[in-house]
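J.: This is the structure, below, for whatever I ask next.
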Amino acid sequence: SRFALVRVVAAHLVTRDRLPPDHEWLIVEWPENKEAPTDFWLSNLPAEEEPEHLARLARLRWTIELDYRQLKGELGLDHYEGRSYMGFHHHCALVSCAHAFLTLERLDPKAQRPA
């Protein structure tokens, strides 16, 4: 894929403080086999950010979506039915630990795999 990166001012609502809007990165992905760009992202990272880093971060969205799907589907992130913040915090902490463990196991080249 090819990427185009441009500093833009996104059309945000005018705030009460009347400060000028911040410049943001518009990141555009244009795959080689497509006639037009397919994905667009806005980023508020600093202007000094390296273009390669911005493109890599934009592509991480799919990885994050897969991780979130695993957290909800396999590890029960959405199964909490308590009423306290502390209980919810504990539940999220345990689910996050389980996710970290599974990720490390998946990435370990020496781990034994079931047949």
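Condition check ((1) farther than 24 Å from residue 98 by Cα; (2) in contact with a Gly (Cβ under 6 Å, 6 or more places away or on another chain); (3) not in a helix (DSSP H, G or I)) across all residues:
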{"site": "4", "(1), (2), (3)": "yes, no, yes"}
{"site": "19", "(1), (2), (3)": "yes, no, yes"}
{"site": "29", "(1), (2), (3)": "yes, no, yes"}
{"site": "34", "(1), (2), (3)": "yes, no, yes"}
{"site": "37", "(1), (2), (3)": "yes, no, yes"}
{"site": "40", "(1), (2), (3)": "yes, no, yes"}
{"site": "48", "(1), (2), (3)": "yes, no, yes"}
{"site": "55", "(1), (2), (3)": "yes, no, no"}
{"site": "75", "(1), (2), (3)": "no, no, yes"}
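J.: For the stretch 47-78, which residues satisfy the criterion of being over 30 Å from residue 3 (Cα atoms) and modelled with pLDDT under 90? Please lay out each step first, then the result.
T.: Narrowing the stretch 47-78 to residues over 30 Å from residue 3 (Cα atoms): 71-78.
None; the set is empty.
J.: Filter the stretch 97-113 for residues that are without any contact (Cβ under 8 Å) to a residue 12 or more places away in the chain and among the small types (Gly, Ala, Ser) and give the result.
T.: Hits for the stretch 97-113 are 100, 111.
J.: If you don't mind, there's one more thing I want to ask. Would you call residue 68 aromatic (Phe, Trp, Tyr) and closer than 30 Å to residue 24 by Cβ? Walk me through how you get there before you give the answer.
T.: Working: aromatic (Phe, Trp, Tyr): yes; closer than 30 Å to residue 24 by Cβ: yes.
Yes; evaluated as a whole, the condition is true for this residue.
J.: What are the pairs with Cβ atoms under 6 angstrom where one residue, in the stretch 36-50, is in contact (Cβ under 8 Å) with a residue 12 or more places away in the chain and the other, located anywhere, is among the charged types (D, E, K, R)? Sequence gap at least six, or different chains.
T.: Going by the 6 Å Cβ cut-off, the qualifying pairs are 39/29; 42/24; 44/24.
J.: In this structure, is residue 37 closer than 30 Å to residue 107 by Cβ and in contact with a strand residue (DSSP E or B) (Cβ under 6 Å, 6 or more places away or on another chain)?
T.: Spelling it out, it is not the case that residue 37 is closer than 30 Å to residue 107 by Cβ and in contact with a strand residue (DSSP E or B) (Cβ under 6 Å, 6 or more places away or on another chain).
The values are calculated or read from the model by the stated rules, or taken from the named source; none is laboratory data. Everything numeric in this text was worked out from a predicted model, so none of it was measured. Please note: Cβ atoms are built from the backbone with ideal geometry, for glycine as well, and neighbour counts cover all protein chains shown.
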